[in-house]
2 protein chains.
Amino acid sequence: MECDNMLARKLQRFSELAREDIDYLDDVIGPPAVLTPRRDIIREGEAPEDVFVLISGLACRYKLLRNGRRQLVALLVPGDLCNLHMMVLDRMDHSVGALSQCLAVRIPKRIIQEMLQRPAIGRALWWAALTDEAILREWLLSVGQRSASERLAHLFYEMYLRLQAVGLTDDNSYRLPVTQIELGDAMGLSSVHINRTLQKLRGQGLLAFDGGKVVILDPKSLMTYAGFRDDYLFLRGGHGRSSGAVRKRSRVPPG
Amino acid sequence: MECDNMLARKLQRFSELAREDIDYLDDVIGPPAVLTPRRDIIREGEAPEDVFVLISGLACRYKLLRNGRRQLVALLVPGDLCNLHMMVLDRMDHSVGALSQCLAVRIPKRIIQEMLQRPAIGRALWWAALTDEAILREWLLSVGQRSASERLAHLFYEMYLRLQAVGLTDDNSYRLPVTQIELGDAMGLSSVHINRTLQKLRGQGLLAFDGGKVVILDPKSLMTYAGFRDDYLFLRGGHGRSSGAVRKRSRVPPG
DNA sequence: CGTCATTTTGAAGAGCGTCAACTGTAGTGG
DNA sequence: CCACTACAGTTGACGCTCTTCAAAATGACG
C-alpha cells in the first residue's frame, strides 16, 4: 500500500484527476500515524484540528447509548476519510475507532478547505460524502428489514466489493479483522445470534468467517440470498439495472 | 410559509448569508409545484435534471426490498433538499415520496453547481448534507439498539425539534401526517406493534399521537425516556454537553 | 501453565411479527 | 339516504426470531 496516494486513488474512483491535482494531494499529505487496534481515533463531542484518512487497516464509526449498547454505523476501509465532517461541523456526532492496527494520515482542516476550492477535488469529496451516506441508508434498510442471515450475507458481500475496489481481496476471500461481538454491534444483533447465524450461512455453503478471514464460497448464490444490488456503492462502471421492485406493504401508489 | 426563501432560511441556520447571496437564492428559485400525497417525487434509479426543495408538507426517503418490505430512511420537512445527490451522482440510490400534500420548488442542476461556487452557500450545502447524514446515523442507532417505545419516543422528539426549527410547532404539539403503517416502515416495526407501543406511551403520559397530530405531553420526561441528546441535529446554539456515556458491551478501551 | 478474551453451546423466555377479525370513518355511486 | 368499497386503526391469539443468562470450550499470549 503506497501511503501517499491512497487518498488520490480513492478520489479518482469518482473521476480522473489532473496531474497537478494529484501532485497537490501528494504534497499535502504528511507521514502516517500508527493506530493501536481497539482504540478510539476520534471521540464523539470532540473537534479535532485535522482530518484523518485511513491508509491501511479497518476502522469503524460508532455511537453509544447510556446503557452501554453500541451501534457501529460504518466500517472504514483504506482510502476512507474519517472525519470530513469537521470541515463544516463544530464537533463529532459519533466516534471513530480502530478495529485492527491502522495507519492514518492527518490533513489540517485548512488544507481541506483548499482542496474544496479545486473543482475536481471538491467534487470528488462530495462524491465520497454522498456515497458514505448511501451506504448508511443501505445499512438502515438491512437492520430495519432484513433477517439476521440476510443482514450478515449482505454485509459480507458489501465488504467484498468495497475491499475489492481498493485491491484488498484475494480471489474470493478477504481479511475482516472483527470479532463476532463487533459484528453484532454492527448489525443490531447479539453476538450469540451472530455465532449461530454464521454457522447457518456456512452450512448453506454461502460463506465462511473464521479468525477474521471471510471466504465467499458461492458469490452468485450469496448475492441472490442477500438480495444484493451494488447500485448504492457507486463503483466505477457499476451502473445498476432499473429496479423492478415490487411493493406489498408500501402504500405509495405507482405515481 | 413564504415559498421563495424557505431554502435561504434553511441555509442560514448554518450561518448568516450576505444580502447578495440571499438575493441570488431568491432569483434562482422558480414557482413551486404541488405534489399529491402518497406519490413518488423521485424514484430509485432515476436521474432527475432538477433538485427539489421541499417548501411545505412532509415527505420521506425510502428503500424497497424485492419482497415488498419498505424502510423509510429519512423524513423531509420544509426547507430540506430532496436530491442534492444528483449534483454529483448519476442516479438515485433511493426514492423520495410525498407523505402529505407538498409544495416543492425545482432548481436546475446547473444552478446548484453555481451555488457551490459561492463559498457561503457552498459551505451551507455541505452543512445540510452532513447533518442529514448525522440524522441517518441516529436512526440507525435507534433501529439497531433501542426498544420499540424508545425508538418512537426518540423519533417524535426529533421531529418536534426539527419542526420547531422551521416554525411548524404549536406550543407542545405539531402535525405529523403519517399513518401507523408508515411509522412502522420508518422504525423497522410492524404497524400492529406501533399501535400497541403508541398506547403504552400515551398511557405513560409521555406523548399522544392521533389523526396525524402529535402532542408532547411531558417534554422533559420524554427526552429522558428516549435518551435524547440534540447534539446530532446541529441546531443553532444547541451545543451538546460532553457525553458522559458509559460502555458495557463495547470493547474499545478508553484510548 | 494460567489468564484473558472470544467462541460455542444449551436452555428459557421476551419482544415483536403474523394472521385474522372487527371497528370506525370517509368516499363513491345508486 | 343507503349500500358498497377501501383503508387506517384496533384487538386477540399464537408463535417465531432473537435475547439473555450461564457455562464450557477454544485459542492467544505472557
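Data for the structure
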{"item": "Criterion (over 17 Å from residue A:136 (Cβ atoms) and either under 19 Å from the mean Cα position of the chain (by Cα) or within 8 Å of another protein chain (Cβ to nearest Cβ) (or both)) met by exactly one of B:77, B:73", "result": "B:77"}
{"item": "Tally of residues being touching a residue at least 40 places away in the same chain (Cβ under 8 Å), farther than 23 Å from residue B:33 by Cα and either outside the structural domain of residue B:53 (by TED's automatic domain parsing) or open to solvent by 20 Å² or more (accessible area, probe 1.4 Å) (or both) across segment B:99-133", "result": "4"}
{"item": "Matching residues, segment B:45-59, being more than 9 Å from chain A (Cβ to nearest Cβ) and either touching a Gly at 6+ places or on another chain (Cβ under 8 Å) or closer than 20 Å to residue B:169 by Cα (or both)", "result": "B:53, B:54, B:55, B:56, B:57, B:58, B:59"}
{"item": "From the options B:186, B:208, B:226, residue that is within 14 Å of chain A (Cβ to nearest Cβ) and in contact with a strand residue (DSSP E or B) (Cβ under 7 Å, 6 or more places away or on another chain)", "result": "B:186"}
{"item": "Selection within segment A:153-191 - of a type in the set (A, V, I, L, M) and within 28 Å of residue A:6 (Cβ to Cβ)", "result": "A:155, A:159, A:161, A:163, A:165, A:166, A:168, A:176, A:178, A:183, A:186, A:187"}
{"item": "Wholly within segment B:22-85, strands (runs of 3 or more DSSP E) carrying at least 3 residues that are of a type outside the set (Val, Ile, Thr)", "result": "B:50-56, B:59-64, B:70-76"}
{"item": "Matching option when the condition is at pLDDT 95 or above, crowded, with 20+ Cβ neighbours inside 10 Å and more than 28 Å from residue A:119 (Cβ to Cβ), among A:55, A:41", "result": "A:41"}
{"item": "Subset of segment A:163-176 that is assigned to a loop (DSSP other than H, G, I, E, B) and out of contact with any strand residue (DSSP E or B) (no Cβ under 7 Å at 6 or more places or on another chain) - its residue that is surrounded by the most Cβ atoms within 10 Å (Cβ to Cβ)", "result": "A:166"}
{"item": "Per-region count, segment B:190-210, residues aliphatic (A, V, I, L, M), assigned to a helix (DSSP H, G or I) and open to solvent by less than 60 Å² (accessible area, probe 1.4 Å)", "result": "3"}
{"item": "Selection from segment A:97-146 of residues that are farther than 20 Å from residue B:87 by Cα and facing another protein chain (nearest Cβ under 8 Å)", "result": "A:97, A:138, A:139, A:140, A:141, A:143, A:144, A:145, A:146"}
{"item": "Subset of segment A:18-29 that is over 21 Å from residue A:109 (Cβ atoms) and among the aliphatic types (A, V, I, L, M) - its residue that is most open to solvent (accessible area, probe 1.4 Å)", "result": "A:18"}
{"item": "Residue within segment A:16-32 that is within 16 Å of DNA strand C (Cβ to nearest atom) and free of Cβ contacts under 8 Å to residues at least 12 places away in the same chain present", "result": "no"}
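One line per residue, one yes/no per condition, for (1) among the small types (Gly, Ala, Ser); (2) within 16 Å of DNA strand C (Cβ to nearest atom); (3) assigned to a loop (DSSP other than H, G, I, E, B):
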{"residue": "A:140", "(1), (2), (3)": "no, yes, no"}
{"residue": "A:143", "(1), (2), (3)": "no, yes, no"}
{"residue": "A:154", "(1), (2), (3)": "no, no, no"}
{"residue": "A:157", "(1), (2), (3)": "no, no, no"}
{"residue": "A:161", "(1), (2), (3)": "no, no, no"}
{"residue": "A:178", "(1), (2), (3)": "no, yes, yes"}
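The values are calculated or read from the model by the stated rules, or taken from the named source; none is laboratory data. Note that the structure is a prediction, hence the values are computed from the model and not measured. Note that we place each Cβ from the backbone using ideal geometry, even for glycine, and neighbour counts take in every protein chain shown. Please note that ligands, DNA and RNA were not included when accessible areas were found on the heavy atoms of the full protein model with its side chains. Shrake-Rupley method; radii C 1.70, N 1.55, O 1.52, S 1.80 Å.
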